[in-house]
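Since the structure comes first, as structure tokens, the remarks are kept for the end.
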Amino acid sequence: MTSDTKNLLKKLVGLIILIGCIACGVAFCIYNRGVKIDEKTFPDETFRTYLLERQDHNKDKWIRTDQIKVLKSMSLEGCDNLQGIENFTDLTSLSLTDCKDVSEVESVTSLKSLYLTDCKNVSFDFSKLTNLEHLIIKNSEISVDIDLSGLQYINEIKIEDSTVGSLTFTDCPILDKIYLHTSTADKLLIENCLLIHHVTVDEVQNITSIVLDDCPEMWDAYFVDCPDLNELALRKCNRLTIMNIIGCDLIKEVDMRGCEYIWQVFNTPDALKTTDSSDRSGYITYYRSDDELIRHLKLPQIRIHCKSDVELITK
């Protein structure tokens with residue numbers, strides 16, 4: 001092979017390498033360019049303005065792919081359409097205030113924390129947020145039932161001053177506490193949540209049924225000012241020690257089978273009274289011993305089932 005041929009081959013190889021590098025560079029630029037901030041991708045003007053002001057670092061109306069990957073938190077206010085939020089596949093915390101039609105949220109399955117404040121017409125499937133850990137809802141209208149059954153990471157649920165449908169939480173292995181306050185709901189079912197410790201249902205209108213079943217680590221439960229509540233059951237809540245039933249005048253029966261360590265039930269003076277006049281008016285104390293489940297108990301309005309083979313009915 002002559003020297004001219006060798007030189008030609010070297011130039012040809014160099015050219016091929018150069019073309020490859022250019023192609024790779026172009027491909028990388030195209031890939032890293034990410035998502036264009038335009039009306040087609042983000043039709044809501046408020047959402048689009050937020051992205052242009054907060055995320056368009058190069059001022060070219062694009063959010064680069066590397067930026068999307070490191071964007072973990074977002075706070076939006078006054079949006080009527082969240083189309084385009086599905087592009088943020090690594091988002092872990094989302095706060096929405098005064099937003100409407102937020103159905104696209106269910107596509108952001110990476111979310112760990114969701115905060116809804118003053119939101120209307122919320123109708124997405126909460127169960128699709130499979131990585132959710134914290135759900136906080138305030139002063140919002142939820143037009144669907146909330147069913148988080150089977151979510152492996154949900155730990156805290158707090159709903160205040162809001163309207164919701166039925167609430168179902170079954171097989172949530174690390175759910176720790178549920179707080180419902182001054183809201184409207186239909187039913188509450190908590191089942192097989194092995195680590196839940198606290199449940200508070202306070203001033204909730206329309207709710208007719210609350211059932212807790214097989215929650216062995218439950219410590220305390222509070223049911224206050226629920227005027228429509230007529231079914232209350234706390235079964236197999238082995239460690240439950242204190243329960244409040246205040247202002248729930250329709251309650252006539254409480255199923256507490258499997259609650260082996262219950263000590264105190266607080267209630268309004270007109271509903272439950274102690275047998276011992278020295279006790280403070282307004283609460284009952286259950287005294288336990290090895291051979292007697294409950295004594296010194298007077299429940300003029302409520303029937304309590306404590307075990308499958310023990311039924312206490314007092315009049």
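A few comments on the model shown:
- In region 61-89, the residues that are in contact with a strand residue (DSSP E or B) (Cβ under 9 Å, 6 or more places away or on another chain) and part of a loop (DSSP other than H, G, I, E, B): LYS61, ARG64, LEU71, LYS72, GLY78, CYS79, ASP80, ASN81, LEU82, GLY84, PHE88
- ASP101 under 30 Å from ASN121 (Cα atoms), in contact with an Asp or Glu (Cβ under 9 Å, 6 or more places away or on another chain) and either modelled with pLDDT of 90 or more or basic (Lys, Arg) (or both): no
- Within region 181-197, not a single residue is within 12 Å of the chain's Cα centre (by Cα) and at pLDDT 95 or above.
- Selection count where residues are at pLDDT 95 or above, outside any strand (DSSP E or B) and among the hydrophobic types (A, V, I, L, M, F, W, C), scope region 107-143: 6
- Which numbered condition LEU52 fails, given (1) assigned to a helix (DSSP H, G or I); (2) in contact with a strand residue (DSSP E or B) (Cβ under 9 Å, 6 or more places away or on another chain); (3) hydrophobic (A, V, I, L, M, F, W, C): (2)
- Test: residue in region 98-115 that is among the charged types (D, E, K, R) and either farther than 30 Å from GLY34 by Cβ or in contact (Cβ under 8 Å) with a residue 60 or more places away in the chain (or both): no
- Subset tally (residues that are more than 13 Å from PHE47 (Cβ to Cβ) and touching a residue at least 24 places away in the same chain (Cβ under 8 Å)) for region 63-91: 5
- Matching residues, region 181-195, being over 17 Å from THR208 (Cβ atoms), in a strand (DSSP E or B) and in contact with a Leu (Cβ under 9 Å, 6 or more places away or on another chain): GLU191
- Residue list for region 215-237, restricted to those being touching a Lys or Arg at 6+ places or on another chain (Cβ under 7 Å) and surrounded by fewer than 17 Cβ atoms within 10 Å (Cβ to Cβ): PRO216, GLU217, TRP219
- Among residues of region 171-200 that are closer than 17 Å to TYR222 by Cβ, those with a Cβ under 6 angstrom from a residue that is among the basic types (Lys, Arg) and surrounded by 16 or more Cβ atoms within 10 Å (Cβ to Cβ), sequence gap 6+ or separate chain, pair up as TYR179/LYS158.
- The one condition in (1) basic (Lys, Arg); (2) at pLDDT below 60; (3) within 16 Å of GLU104 (Cβ to Cβ) that LYS6 fails to fulfil: (3)
- The set of residues in region 110-153 that are among the hydrophobic types (A, V, I, L, M, F, W, C) and in contact with a His (Cβ under 8 Å, 6 or more places away or on another chain) contains only LEU114.
The values are calculated or read from the model by the stated rules, or taken from the named source; none is laboratory data. Note that the coordinates shown come from a computational prediction; the quantities given were computed from them, not determined experimentally. Neighbour counts are summed over all protein chains in view; Cβ atoms, including those assigned to glycine, are modelled from backbone coordinates with ideal geometry.
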